[in-house]
Amino acid sequence: MIQQTSQSAWRHVRNAAFGGNRGGSRGGKVRVALAMGGFGLLYSVLAMRLVMIGVGGETDDKSSPVAVSSSQARPDITDRRGEILATDIKTASLFAEPRKIVDPDEATELLTTVFPDMNRARLRRQLSTNSGFVYLRRELTPRQQQTVHDLGIPGIGFRVENKRFYPGGATASHVLGEVNIDNQGIAGIEKYIDRSGLTDLNAAGFDIGHNSEPVKLSIDLRVQNVVRDEIAQGLAHYEATGAVGIVMDVRTGEVIAMSSGPDYDPNDRAQALDKNNMNRATVGVYEMGSTFKTFTTAMALDAGAATLNSSFDASHSLQIGRNTIHDFHSKGRWLTVPEIFKYSSNVGTGRMVLKLGVDKQKEYLKRFGFLDTLRTELPEAGAPIVPKAWPEITSVTVAFGHGISVSALQTAAAGVAVVNGGVYFPPTFLTRSQDEAAQVGRQVIKPETSADMRKLLRLNVIDGSGRSANIPGYLVGGKTGTAEKVENGRYSKTRVMNAFLSAFPMDKPRYLVFTLIDDPKNVDGRDNQSAHNAAPMCGNIIRRIAPMLDVAPRPADQEDAAVMAIASAQ
Amino acid sequence: MIRWLQILSVMAAATAAFVVFQIKYRAEAVAENVAALQRKVDQQRETISLLNAEWSFLKQPGRIEGLINRHNDQMQLQRVDPVQIIDPSILPMRPAPKPEDTAALSALLGANGDAK
């Protein structure tokens with residue numbers, strides 16, 4: 001049948017083209033051959049094309065049927081053990097195409113049955129315009145989406161968008177930061193992720209969403225939860241205005257946990273804007289008080305201005321020009337370096353730094369990173385407040401932590417160098433192996449100085465102001481600090497800012513714990529000295545985190561005997 | 001001869017057209033199948049990430065702590081005291097038995113052995 005029609009068609013064509021039935025003539029044959037060759041060529045082209053399509057697999061662009069979302073996908077954030085700290089979940093946003101809406105009044109009525117809080121007049125105005133697209137409500141719950149869908153209003157639709165979800169709520173809020181409604185990082189690690197290239201890729205049209213590797217932080221969620229819990233309890237118990245807890249690995253400089261209270265739930269964006277919820281750990285700068293004597297003593301020992309056996313005159317106040325430095329609990333005699341440290345003598349520390357000299361002091365402060373703004377992955381960084389001129393009196397007050405304001409993380413990072421054998425690691429919130437740490441670490445004090453400091457810190461916890469942080473078995477060492485707060489340009493006699501810098505276990509330190517509490521009140525019938533709030537908070541943290549961090553408790557051993565020996569040596 | 005060639009080429013053209021359409025429809029069906037599978041994969045991936053988010057929410061240490069505090073009347077859980085954690089190597093070895101005990105034991109065993 002096909003053959004017949006084709007043949008007759010062919011005859012017609014031949015007649016039309018060559019003017020009658022002249023098959024058999026010579027010229028006709030050539031022409032037919034030519035035509036056949038032409039068609040043959042055509043078919044071979046078709047065949048080749050077929051093969052090309054078959055082999056090359058020219059694909060249809062049907063592979064992405066999901067509506068393109070306008071808010072960018074972000075990589076997950078996990079803690080060092082792979083627990084999710086932040087992830088994307090899909091939510092629907094409600095939009096309208098007012099041009100396609102038949103009856104704006106009816107649509108308004110129907111929509112307000114689902115969203116009673118919507119402004120009717122405004123909604124009606126929005127729907128009555130002739131515009132092509134308008135967002136009505138973002139981040140619907142699945143139930144709302146279903147209800148609106150069932151209403152079946154023409155011109156109303158949904159768009160799938162990514163919403164950031166933080167399963168831990170406020171647990172690690174100040175580290176993670178937050179995102180805005182378009183899923184762009186605006187604070188913390190979220191902003192760091194954007195700055196390190198995510199936004200560029202998205203802008204260039206790459207959806208790196210679900211395929212991208214999660215960002216792994218150095219934070220340990222379990223430890224973070226403990227620190228946050230103790231900080232929150234401390235805030236409430238001591239009726240303080242703010243508190244900070246930081247845990248660092250002294251072998252790498254990784255931040256294992258960092259909490260600043262009061263904090264906020266990053267799932268609720270409005271909370272983060274509250275000024276009172278600022279990041280006190282990296283943005284706030286404080287006078288660290290006696291905690292700073294740790295660094296002063298370390299530099300004096302390191303520069304040879306003092307040894308553990310030297311003594312300084314602390315029998316009476318220290319007179320410099322018109323200023324007098326007093327001791328809180330004066331012993332009225334010469335004190336050895338361990339005694340100065342244990343009794344937290346301002347006079348003794350002052351004399352030590354005078355012997356060291358201003359230039360050396362500044363050099364060491366610079367090495368410990370106290371004179372520059374500390375840059376980490378977090379965009380939030382407070383610049384230290386450093387005295388402009390350094391007369392002797394400034395040098396002496398800085399020695400015991402007044403007149404210089406530094407951030408909590410800065411203090412913790414310097415503390416790491418004091419206890420770990422003298423290596424300063426720039427703190428990081430991303431994971432870092434010991435090999436990587438060795439690349440960025442720099443020796444700031446001698447290993448022997450660090451060993452001496454460990455003994456002094458341990459002594460202070462066994463027999464000094466840090467007793468309430470002495471968790472049996474973990475060889476905790478630490479130094480308290482109580483700084484008077486500045487009120488109306490004068491140091492207040494009643495309001496204080498307390499810190500406690502500690503590390504454990506002191507024979508071979510693994511972790512540093514730093515706590516800070518702003519304006520604690522006198523509770524439990526005790527005064528508001530650091531030994532009664534910052535130190536016990538620190539002790540509670542260590543008691544709870546040490547087993548998680550695989551630090552085995554030990555029976556009191558010879559290490560402590562050596563520590564006690566330096567205390568009694570006069 | 002030419003007539004046969006004509007018939008043959010026309011037949012070839014017809015078959016080619018038929019086969020091309022066959023392939024085209026099959027390709028379309030495959031593409032649709034791919035798209036459907038892709039949709040399914042995307043959906044499942046979304047579900048997985050949602051379940052992951054829920055799982056990590058459910059096992060938040062803070063949440064579990066709250067649950068424990070609420071039900072601790074029944075559970076009676078307590079915090080581990082550091083002194084409760086020790087290395088097995090620190091445990092003392094079983095003390096060597098005293099000579100009189102060994103003697104008594106072997107006497108007993110000997111008596112039993114005889115009885116059997």
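For the range A:298-336, the list of trypsin sites (Lys or Arg not before Pro) that fall in a loop by DSSP and count at most 14 other C-beta atoms within 10 angstrom reads A:ARG322, A:ARG333. Note on A:ILE186 and A:PHE158: with the Förster distance fixed at 35 Å, the Cβ-Cβ geometry gives a FRET efficiency of about 0.85. Protein heavy-atom accessible surface, 1.4 Å probe, per residue over chain A: 45 Å². Looking at the range B:7-79, the pairs of alpha carbons with a distance over 18 Å make up 70% of the total.
Based on the Stokes-Einstein relation at 10 °C and a viscosity of 1.306 mPa s, and on the Kirkwood radius from alpha carbon pairs, chain A is assigned a translational diffusion coefficient of 56 µm²/s. Relative to the longest principal axis of the C-alpha atoms of chain A, give the angle of the C-alpha long axis of helix A:447-463, reported between 0 and 90° and rounded to the nearest 10°. Relative to chain A, helix A:447-463 is tipped by roughly 70 degrees.
The stretch between A:GLN443 and A:SER317 holds 41.8 nm of extra length on full extension. This uses 0.36 nm per residue minus the Cα-Cα distance.
The modelled label-to-label distance between A:ARG81 and A:LYS216, using points 7 Å beyond Cα along the C-beta direction, is 1.5 nm.
With a cut-off of 12 Å, note down the residues of the range A:226-266 whose backbone N falls inside the zone around a label point 7 Å from the Cα of B:ILE68 toward its beta carbon. Taking a point 7 Å out along Cα→Cβ of B:ILE68, the residues of the range A:226-266 whose backbone N falls under 12 Å are A:226.
Within the listed set B:SER106, B:SER56, B:SER89, the residue fluctuating most in the Gaussian network model of chain B (springs between alpha-carbon atoms under 10 angstrom) is B:SER106. Starting from the Cα of A:ASP103, move 7 Å in the Cα-to-Cβ direction to define the label point; list residues of the range A:140-156 whose amide nitrogen is under 19 Å from there. Under 19 Å, as judged by backbone N against the label point of A:ASP103, lie A:148-156 of the range A:140-156. Of the solvent-accessible surface of the protein assembly as shown, computed with a 1.4 Å probe and all protein chains present, 56% belongs to carbon and sulfur. Please work out the FRET efficiency for the pair B:ALA31 and A:PHE95, using the Cβ-Cβ distance as r and a Förster radius of 30 Å; give the result to the nearest 0.05. Computed FRET efficiency for B:ALA31 and A:PHE95: 0.50. The interface between chain A and chain B buries about 3000 Å² of solvent-accessible area in total (1.4 Å probe, ligands and nucleic acids excluded).
What the Cβ-Cβ distance of A:LEU273 and A:ALA389 gives, at R0 = 56 Å and to the nearest 0.05, is a FRET efficiency of 0.90. Extension gain for A:ALA47-A:ASN488 works out to 149.7 nm (0.36 nm per residue, less the C-alpha to C-alpha distance).
The values are calculated or read from the model by the stated rules, or taken from the named source; none is laboratory data. Model, not experiment: these values are computed from the prediction. Cβ sites come from the backbone with ideal geometry, for glycine too, and all protein chains shown count toward neighbours. With ligands, DNA and RNA removed, areas are computed over all heavy atoms of the protein, side chains included. Shrake-Rupley method; radii C 1.70, N 1.55, O 1.52, S 1.80 Å.
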